[in-house]
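K.L.:
Once you've had a glance at the structure underneath, I'll fire off some questions.
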Amino acid sequence: MDFTLRIWRQENEQSKGRFEIYKITNVSADSSFLEMLDLLNQQLVDKFEMPICFDHDCREGICGACGLYINGRPHGPDDAITTCQLHMRKFKDGDTIVIEPWRARPFPIIKDLVVDRTALDKIIEAGGYISVNTGGVPDANEIPISKKNADIAMDAASCIGCGACVAACKNASAMLFVSAKISQFAMLPQGRIEAKERVKRMIDKMDELGFGNCTNTGACEAECPKEISLTHIARLNREYFAAKIS
Amino acid sequence: MAILNSKIPEGPLEQKWNNYKANQKLVNPANKRKLDVIVVGTGLAGASASASLGELGFNVKTFCYQDSPRRAHSIAAQGGINAAKNYQNDGDSIYRLFYDTIKGGDYRAREANVYRLAEVSNLIIDQCVAQGVPFAREYGGLLDNRSFGGALVSRTFYARGQTGQQLLLGVYSALMRQVNKGSVKLYTRHEMLNLVVIEGKARGIITRDLKTGKIERHFGHAVVIATGGYGNAFFLSTNAMGSNGSAVWQIYKKGAYFANPSFVQIHPTCIPVHGDFQSKLTLMSESLRNDGRIWVPGKKEDAEAIRNGKLKPTEIAEEDRDYYLERRYPAFGNLVPRDVASRAAKERCDAGYGVGTGLAVYLDFADAIKRQGKDVVEQRYGNLFQMYEKITDENPYETPMMIYPAIHYTMGGIWVDYELMTTIPGLYAIGEANFSDHGANRLGASALMQGLADGYFILPYTVQNYLSDEILVPRMSTDLPEFKEAEDEVIGRINRLMNIRGKESVDSFHRRFGLKLWDAVGMARNKEVLTKVIEDFKQMRKEFWKNIRIPGEQADMNPELEKAGRVADFIEIGELMARDALDREESCGGHFREEHQTDEGEALRNDKKFMYASAWEYKGEDKSPILHKEDLIYENIKVQTRNYKK
Amino acid sequence: MSNIFSSSVGKKFLMSFAGLFLVVFLVVHLSINLLVLKESPEAFNKAAHFMSTNPVIRIMEIVLFGGFLIHMIYGVIVSIQNMIARPINYKKTNNSQTSYFSKYMFHTAVVITIFLVLHLLDFYIRAKYIGGVEDVYYEGIKHHDLAALVIARFHIQWVVIVYVIALLILGFHLHHGFQSAFQTLGLNHPVYTPVIKAAGLIYTILITLGFICIPILIYFFK
């Protein structure tokens, strides 16, 4: 397959970026999107040019490192996958593909398509945990948890922190990310104990970092590679409201 | 050998760890604040160690090459984590987990370490549940278990097909809590490039900031390496693209011994290689072998017809299928340990019965779907099936999956004593980075167990035994000549790399090297090939340093430079792997020497001569390393031939 | 720690409360308006009289203006913050599968606000402050003949067109706003949310068609 690629290139955070056009030919339909970029980079190295920087690591859809905004969609034109799981067979031969970095004020660009998502770590740091130290905890089966609640917690916990929700949201809101963590702990008795403090601290941090406000457009849910649902945002709202009025 | 002191505590096996803890030295809280501990790596081992040490009050500095600690490759573990809880009342116990692990490792692991691992396994599950890890549960609200290869009990705890993710996010949350408290300082996008040794003790590291290329010096009273395995040496593996062996290789070069480098695990259920553009292999969880049945066509002509696309697997009649694992190993069937399953697949494919490209076998769920319904199968493995479909464009509910073995894990690693300390005082290696617990083959769901055991429940104790003697050592200045020297080494090497300006890209070289390594030190090894490949690797190393091409600048984000440094180390690691494989004139676990097999093609151990862990000592560039042997003594377990047939 | 009125979630709470209050107001407004379609203007004029003289309603009117203000002011704040949150936009913009209307809440809100001002000038301000509305007497009490005013205005073609377009846009706004308010207030449930969404759709259609039919019926039949 042959493609025309329009790729955002940017030296560093301060510099002004631009789109560069690359032609690539003979791409296997079975190769992944990142393997296609590997091929392009190989060609750039052959020409002694600087390859395109992009974040990636596990290449099996779980580490959350990769994330490109491809033809107007985070992680590209397929549902419930990360960029590394996107395969070229999802495109048509001869397509022009526009590749952009995640765009949000809290995600400054480091280089080319690499953005700094430390903001998401900072939100977790503010309260995305259960405050137990190592050792001295009760037996694992001491607290039974209904399968239903454990399953909901697991649904929420499957967030990989890739930031596609922020990238997809027209407001660059991180509500789906935050709600996934809040929701996971809200559904578990262990997590209830500091639920109120947790939700307040995480929301405050999220606001402080400059993410936008949720307007329930649902783009995050549509693009989440782990299909995390808007119901978690509703639960976050409930948790927040309950924490504030009590 | 007197030089290797494994420091196994006195007393009966069950009492060793308790005795150790009862008699070890501790550091008082006021002194902990004055002690700096460097932890490199934020996988299960590194993050749990950082969090636990932070909670204890040490001043921890934690490094990872990823943009966030949450991305460490522990996250990709799918199947589960073992513990001897015996919640299923199926006869499990600490002893049985210990026994299975030693046996699974083909009697090449250290008894005392493995027993301790089994002992603390139960604490891990408690800890994770308390942290909010959403393990799978039964309708009654209690924890569910599944079975895994190499065991006759159900002792594996899991969170769908994402157990590693959930455990890692658990330790990540504990870590971030300590970051918030200020007891852990986090350095993301930092790669360790050298170890600083002062007066024989590990005192710090040199790192490169991957964002800016800045070289930095960091001091620590102790240094903990938790950087995982070196499986990426093979280029194609199930490891993450960034996983590397560089940290362990640097400490090896500074004097830490490297143990059992040839012991690598080849995982039987990976998606087969399908093109030369491929950058990595994807694992399909071993848990699939609970319900999936592995087979190839029983007739060669059928296999050929399938390979040529003339026949579909679903068209092969039941009696024409060869469920070779069930045939060869009736007792364990599809749940034999990984090394056995991998070799059996290779045997069938080499004999001409492979499907797909010829290097693939079927993993079939048709029976499971018929027996339990599609819903149940979907609930158990839905995400894995989806992943498979995304990659291969085939629907595993309708046609059997194709799988083939791939490099997955390295049992070998830095030699450590019972305290997890390397041969350099003050330098520790934990998790996959060390060699201690899995012998020649790791059982499924044991890597997560070991990572968390080391980080949560072992290192935080043992490191105090060392640090208690360091309380009077003030924080050292990083202006000391030893720091400068280590930094100069790093800068010199980077400059050398940048100035090669040759013709070949790092990836292209790595791919060639990896294939060669796979052919020589992969699933089957022999003397002739190994002897030759050692020389080849020496040549390749020279070639690398003459012909590699790295565009861009040093003082900038430069992935090509990062990869070049790692590949340079992989070449040397590969050479050591081959040496070790050559030395070990026996077949055991993942190490299969073609000269040493039974008439039935099973691995043939030689306990008389090789019941030891090899520990290699670096002697300098272009000098052969020296082999030290730690004899393995089994006092509590009867050493026998592994038998998964009955 | 930020308070409920300054946090992102808190602001949305207030907007939702205010929005739902306005949703209720529209029901009242429509039910009175429909009286104008009756043969005799008496019922409509009496209802209008009641609304402008009853002390409880007078207080409610202030609350109503408050509701509008809160909804609008917070809407503006939220929208500005959202624009700041993404200083550089994508070249190829959002192709995600999302509710179409949800992306244009601010745009529809601007149109509705302009319409609201015109609408108030046209009826409320005219009746209350400008005058020129004829008086009628029912049971000896003086009433404004607002019915006559409405009918007169809706015989002007461009007024009818402006109203119909504005009301359609109001419909778009309500379509997302109705169910979105419940989501923001944390009311999301696997069983009830589809019900809320269906109710929102029915509400939106009824309100929009209800309002639209008034100028159209007057223009053609009265």
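K.L.:
For peptide B:161-170, how many partner chain Cβ atoms fall within 10 Å of a residue's Cβ, on average?
P.N.:
Mean partner-chain Cβ count within 10 Å for B:161-170: 4.
K.L.:
Obtain the radius of gyration and the Kirkwood radius of the protein assembly as shown from its C-alpha atoms and give Rg over Rh.
P.N.:
Numbers: Rg = 33.2 Å, Rh = 31.8 Å.
Ratio value, two decimals: 1.04.
K.L.:
I'd like the orientation of helix B:481-500 relative to chain B: the angle between its Cα long axis and the longest Cα principal axis, in ° from 0 to 90, rounded to 10.
P.N.:
That works out to roughly 50 degrees.
K.L.:
Between chains C and A, what is the buried accessible area in Å², counting both sides, with a 1.4 Å probe and ligands, DNA and RNA left out, to the nearest 100?
P.N.:
3600
K.L.:
Now for a different question. How long are the semi-axes of the ellipsoid equivalent to region C:65-222, from square roots of 5 times the Cα gyration tensor eigenvalues, in whole Å, largest first?
P.N.:
Whole-Å semi-axes of the equivalent ellipsoid: 36, 19, 17.
K.L.:
Then there is this: Based on Cα coordinates alone, diagonalise the gyration tensor for region B:170-290, multiply each eigenvalue by 5, take square roots, and list the semi-axes in whole Å, largest first.
P.N.:
They are 31, 20, 16 Å, listed from largest to smallest.
K.L.:
Taking each residue of A:198-208 in turn, how many C-beta atoms of other protein chains fall within 10 Å of its C-beta, and what is the average?
P.N.:
The shielding value for this peptide is 3.
K.L.:
For a quick size check, give me the Cα extents of region A:117-245 along its three principal axes, largest first, whole Å.
P.N.:
Answer, in whole Å and largest first: 45, 29, 27 Å.
K.L.:
What's the extension gain from B:Asn23 to B:Glu635 if we count 0.36 nm per residue and subtract their Cα-Cα distance?
P.N.:
Length gained between B:Asn23 and B:Glu635: 218.0 nm.
K.L.:
Can you run phi through the Karplus equation (6.51, -1.76, 1.60; θ = phi - 60°) for region B:370-384 and list ³J(HN,Hα) in whole Hz, with x for Gly and Pro?
P.N.:
5, 6, 10, x, 5, 4, 5, 4, 5, 4, 6, 10, x, 5, 5
K.L.:
Using only Cα atoms, tell me the angle between helix A:231-245 and the longest principal axis of chain A; keep it within 0 to 90° and round to the nearest 10.
P.N.:
Compared with the principal axis, the helix lies near 40 degrees.
K.L.:
A further question follows. May I ask for the accessible area buried between chains B and A, both sides summed, probe 1.4 Å, to the nearest 100 Å²? Kindly include the intermediate steps, with their values, before the conclusion.
P.N.:
Numbers: alone 24570 and 12690 Å², together 30870 Å².
Buried: approximately 6400 Å² between A and B.
K.L.:
Calculate I(q)/I(0) for region B:423-528 by the Debye formula, one identical point scatterer on each C-alpha and no solvent, and give its log10 at q = 0.13, 0.15, 0.16 Å⁻¹ to two decimals.
P.N.:
For region B:423-528 at q = 0.13, 0.15, 0.16 Å⁻¹, log10 I(q)/I(0) is -0.96, -1.08, -1.09.
K.L.:
Where both residues lie in the protein assembly as shown, what percent of DSSP beta bridges are antiparallel, nearest 5? Kindly include the intermediate steps, with their values, before the conclusion.
P.N.:
On the way: 62 of 85 bridges.
Given both bridge residues lie in the protein assembly as shown, the antiparallel proportion sits at roughly 75 percent.
K.L.:
Continuing with this model, one more query. Can you tell me what share of the DSSP beta bridges in chain B is antiparallel? A percent to the nearest 5 is fine. All intermediate terms of the calculation are to be shown ahead of the outcome.
P.N.:
Details: 44 of 63 bridges.
Antiparallel bridges make up about 70 percent of those DSSP assigns within chain B.
K.L.:
Continuing with the same structure: How much net charge surrounds B:Ala77 when only the other residues with a Cβ under 13 Å from the Cβ of B:Ala77 are counted, with Lys and Arg +1 and Asp and Glu -1?
P.N.:
That works out to -1.
K.L.:
Further question: What Kirkwood hydrodynamic radius, in Å, does chain B give when the mean of 1/r is taken over all pairs of distinct Cα atoms and then inverted?
P.N.:
When all Cα pairs of chain B are included, the Kirkwood radius is 24.9 Å.
K.L.:
Whole-Hz ³J(HN,Hα) for each residue in region B:324-339, computed from phi via Karplus 6.51 cos²θ - 1.76 cosθ + 1.60 with θ = phi - 60°, x for glycine and proline: what do you get?
P.N.:
Going residue by residue, I get 5, 6, 5, 5, 7, 10, x, 5, 9, x, 6, 9, 5, x, 4, 5 Hz, with x marking Gly and Pro.
K.L.:
Could you give the nm distance between label points at B:Asp320 and B:Arg475, where each point is 7 Å from its Cα heading toward the beta carbon?
P.N.:
Distance between label points: 7.4 nm.
K.L.:
Sticking with this one: Helix-derived [θ] at 222 nm for chain A: sum -39500 (n - 2.57) over DSSP H runs of at least 4, divide by residue count, nearest 500?
P.N.:
Value at 222 nm, helices only, nearest 500: -10500 deg cm²/dmol.
K.L.:
Whenever you get a sec, line up C:Phe68, B:Phe157 from highest to lowest accessible area (probe 1.4 Å, protein heavy atoms). Show your work: numbers first, answer last.
P.N.:
On the way: C:Phe68 45, B:Phe157 0 Å².
These residues rank, largest area first, as C:Phe68, B:Phe157.
K.L.:
Provide Rg over Rh for chain A; use the alpha carbon set for both Rg and the Kirkwood Rh (inverse mean inverse pair distance).
P.N.:
Ratio of gyration radius to Kirkwood radius for chain A: 1.03.
K.L.:
May I pose another question? Assign unit charges at the C-beta atoms only (+1 for Lys and Arg, -1 for Asp and Glu), then state the dipole size of region B:268-405 relative to its Cα centre in Debye, rounded to the nearest 20.
P.N.:
Dipole magnitude for region B:268-405 comes out near 320 debye.
K.L.:
Once the other residues with Cβ under 14 Å from the Cβ of A:Arg103 are scored (Lys, Arg +1; Asp, Glu -1), what is the net sum?
P.N.:
Counting the neighbours of A:Arg103, the net charge comes to +2.
K.L.:
Ranking request for peptides A:13-22, B:186-195, A:210-219, C:82-91: highest mean number of other beta-carbon atoms within 10 Å first, then the rest in descending order. Walk me through the numbers on the way to the answer.
P.N.:
Numbers: A:13-22: 11.5, B:186-195: 22.8, A:210-219: 25.8, C:82-91: 16.4.
Top to bottom by mean Cβ count within 10 Å: A:210-219, B:186-195, C:82-91, A:13-22.
K.L.:
How much FRET efficiency would the formula 1/(1 + (r/R0)^6) give for C:Ile57 and C:Val195, where r is the Cβ-Cβ distance and R0 is 30 Å, rounded to 0.05?
P.N.:
FRET efficiency, C:Ile57 to C:Val195: 0.40.
K.L.:
Summarise the accessible area of the protein assembly as shown (1.4 Å probe, protein heavy atoms) by the percent that is carbon and sulfur.
P.N.:
Accessible surface attributable to carbon and sulfur in the protein assembly as shown totals 56 percent.
K.L.:
Kirkwood-based Rg over Rh for region C:10-109 (C-alpha set), two decimals?
P.N.:
On the way: Rg = 19.1 Å, Rh = 16.6 Å.
Using only Cα positions, Rg/Rh for region C:10-109 is 1.15.
K.L.:
So for the pair B:Glu482, B:Gln15, with labels modelled 7 Å out along Cα→Cβ, what separation do we get in nm?
P.N.:
For B:Glu482 paired with B:Gln15, the spin-label model returns 3.9 nm.
K.L.:
Note the full-extension length gain between A:Ile21 and A:Lys92 as 0.36 nm times their separation in residues minus their Cα-Cα distance, in nm to one decimal.
P.N.:
Stretched out fully, the A:Ile21 to A:Lys92 stretch lengthens by 23.8 nm.
K.L.:
Something else about it: On a 0 to 90 degree scale, rounded to 10, what angle separates helix A:195-208 from the longest Cα axis of chain A?
P.N.:
Helix A:195-208 sits at roughly 30 degrees to that axis.
K.L.:
Once you average over the residues of A:49-56, how many Cβ atoms of partner chains fall within 10 Å of each Cβ? Don't skip to the end; give the middle numbers.
P.N.:
On the way: counts 2, 8, 7, 1, 6, 1, 6, 6.
So the per-residue partner count for this stretch is 5.
K.L.:
Ordering B:Glu347, B:Glu572 by accessible area with a probe of 1.4 Å, largest first, what comes out?
P.N.:
Result, largest first: B:Glu347, B:Glu572.
K.L.:
While we're looking at this one, here's another question. Between A:Ser146, A:Met88, A:His75, whose Cα lies farthest towards the positive end of the dipole of chain A when Lys and Arg beta carbons carry +1 and Asp and Glu beta carbons carry -1, centred on the Cα centre?
P.N.:
So the residue we want is A:Ser146.
K.L.:
Across 10 Å bins from the origin, how do the percents of Cα pairs in region C:1-69 run, short distances first?
P.N.:
With 10 Å bins starting at 0, P(r) equals 18, 36, 25, 13, 6, 1.
K.L.:
For B:Asp350 and B:Ser624, FRET efficiency with R0 = 35 Å and r from the beta-carbon atoms, rounded to 0.05?
P.N.:
Efficiency at R0 = 35 Å is approximately 0.60.
K.L.:
Under the rule a/c < 1.5 gives rounded, and otherwise a/b versus b/c splits prolate from oblate, where does region B:268-405 land using the Cα gyration tensor?
P.N.:
Rounded is the answer for region B:268-405, as its axis ratio a/c remains below 1.5.
K.L.:
Any idea of C:Phe172's accessible area? Nearest 10 Å², probe 1.4 Å.
P.N.:
That residue has around 90 Å² of solvent-accessible surface.
K.L.:
What whole-number value in Å² describes the accessible area per residue of the protein assembly as shown for a 1.4 Å probe?
P.N.:
Each residue of the protein assembly as shown exposes 37 Å² on average to a 1.4 Å probe.
K.L.:
Related question: Just check region B:364-440 against the gyration tensor rule for me: Cα atoms, a ≥ b ≥ c as the square roots of the eigenvalues, rounded for a/c under 1.5, and otherwise prolate or oblate depending on whether a/b exceeds b/c.
P.N.:
Because a/c hits 1.5 or more and a/b exceeds b/c, region B:364-440 counts as prolate.
K.L.:
To the nearest 20 debye, what is the magnitude of the charge dipole of the protein assembly as shown about its Cα centre, counting +1 on the Cβ of each Lys and Arg and -1 on the Cβ of each Asp and Glu?
P.N.:
1940
K.L.:
On to the next question. Per the Kirkwood treatment, what hydrodynamic radius in Å, one decimal, follows for region A:3-100 from the mean inverse distance over all distinct Cα pairs?
P.N.:
13.9
K.L.:
Of B:Phe235, C:Phe220, which has the most accessible area with a 1.4 Å probe, and how do the rest follow in descending order?
P.N.:
C:Phe220, B:Phe235
K.L.:
In deg cm²/dmol, rounded to 500, what helix-only [θ] at 222 nm does chain B give when every DSSP H run of at least 4 residues adds -39500 (n - 2.57) and the total is split over its residues?
P.N.:
-11500 deg cm²/dmol
K.L.:
Moving to a separate point now. With n ≥ 4 as the cut-off for DSSP H runs, can you work out [θ] at 222 nm for chain C, using -39500 (n - 2.57) per run divided by the number of residues, rounded to the nearest 500?
P.N.:
-23500 deg cm²/dmol
The values are calculated or read from the model by the stated rules, or taken from the named source; none is laboratory data. Note that the structure is predicted; figures quoted are calculated from it, not measured. Positions of Cβ are generated from backbone atoms using ideal geometry, with glycine treated the same way; all protein chains shown enter the neighbour counts. What goes into the accessible areas is simple: the full protein's heavy atoms, side chains included, and nothing from ligands, DNA or RNA. Shrake-Rupley method; radii C 1.70, N 1.55, O 1.52, S 1.80 Å.
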